[in-house]
Amino acid sequence: TQNIESYLEKVMTLLGNEKNVPFAVIFFVGGFDGNAAVLPYDEHRAMLALPVETGISDIVIAHELTHIIHSAKADIPIRWEIPIAERMMLEGLAMHASKALVPGKEDEAYIEMAPDEGWLKSCRKHHSEIISGIMPYLYDSSGESNAKFTFGEGTTGHRREVYYAGWAFIASEL
């Protein structure tokens with residue numbers, strides 16, 4: 001929890017947030033994929049869910065805390081069914097915030113999840129197809145489309161295309 005407190009301060013500074021943001025933390029044994037998440041907890045708090053079976057990296061902590069602080073600062077409720085464009089922004093911001101707060105790694109460390117080795121390189125190779133494929137879904141907030149682009153294979157057969165699109169978009173803005 002010391003890393004959580006340390007990165008909470010760093011994320012709050014990076015995002016220019018000065019107000020207190022209450023949230024709950026739960027540690028769980030997951031699917032051995034290191035997939036942490038931020039979920040609604042109650043009316044006033046988010047829940048930071050951290051899997052313990054694979055260890056919790058500083059990158060993951062910074063990424064997930066970015067979601068919590070950003071949603072509080074921007075007054076965006078944490079929910080599953082959101083427009084794909086919003087999910088792109090949220091994930092892109094979180095990945096680039098983690099890169100700023102835990103510098104010195106290759107880009108893959110901030111965006112790839114096990115067992116996706118080589119995924120970012122492949123996405124970059126198919127950049128135009130991924131962006132063209134996701135464009136018609138930008139306003140779609142259905143659970144089906146969120147699953148398709150967040151966990152599924154999008155339109156080009158690449159898993160997690162919304163992460164790549166978000167990474168690329170935020171990079172272009174920075």
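In the set (1) over 26 Å from residue 21 (Cβ atoms); (2) in contact with a Gly (Cβ under 7 Å, 6 or more places away or on another chain), residue 104 fails one condition alone, (2). Within the stretch 75-89, residues that are in a helix (DSSP H, G or I) sit with their Cβ atoms under 8 Å from residues that are open to solvent by 100 Å² or more (accessible area, probe 1.4 Å), at 6+ positions apart or across chains, in these pairs: 84/139; 85/139. The residues in the stretch 149-172 that are free of Cβ contacts under 8 Å to residues at least 12 places away in the same chain and either buried (at least 17 other Cβ atoms within 10 Å of the Cβ) or not in a helix (DSSP H, G or I) (or both) can be counted, and the count is 4. Counting only residues that are farther than 20 Å from residue 7 by Cβ and in a helix (DSSP H, G or I), the stretch 90-133 holds 15 of them. The residue that is modelled with the highest pLDDT, counting only those in the stretch 1-24 that are among the β-branched types (Val, Ile, Thr) and under 18 Å from the mean Cα position of the chain (by Cα), is 11. The condition (being closer than 21 Å to residue 92 by Cβ and in contact with a helix residue (DSSP H, G or I) (Cβ under 8 Å, 6 or more places away or on another chain)) is satisfied by just one residue among 50, 39, 15: 15. Residues 164, 110: which one is touching a Cys at 6+ places or on another chain (Cβ under 7 Å) and closer than 20 Å to residue 67 by Cα? Answer to the selection: 164. Restricting the stretch 133-148 to residues that are open to solvent by 20 Å² or more (accessible area, probe 1.4 Å) and among the small types (Gly, Ala, Ser), the residue that is nearest to residue 113 (Cα to Cα) is 147.
Only residues that are among the hydrophobic types (A, V, I, L, M, F, W, C), closer than 21 Å to residue 27 by Cβ and open to solvent by 40 Å² or more (accessible area, probe 1.4 Å) were counted in the stretch 3-17, giving 0.
Looking only at the stretch 75-130, filter to residues that are closer than 20 Å to residue 47 by Cα and among the β-branched types (Val, Ile, Thr); which one of those is surrounded by the most Cβ atoms within 10 Å (Cβ to Cβ)? Filtering first and then ranking leaves 78. Among the candidates 4, 68, 59, the residue that is in a helix (DSSP H, G or I), of a type in the set (Val, Ile, Thr) and out of contact with any helix residue (DSSP H, G or I) (no Cβ under 7 Å at 6 or more places or on another chain) is uniquely 68.
The values are calculated or read from the model by the stated rules, or taken from the named source; none is laboratory data. Please read all numbers here as calculations on a predicted model, not as lab measurements. Glycine gets a Cβ as well: all are built from the backbone with ideal geometry, and neighbour counts include every protein chain shown. Just so you know, the surface numbers come from the protein's heavy atoms only, side chains and all, with ligands and any DNA or RNA stripped out. Shrake-Rupley method; radii C 1.70, N 1.55, O 1.52, S 1.80 Å.
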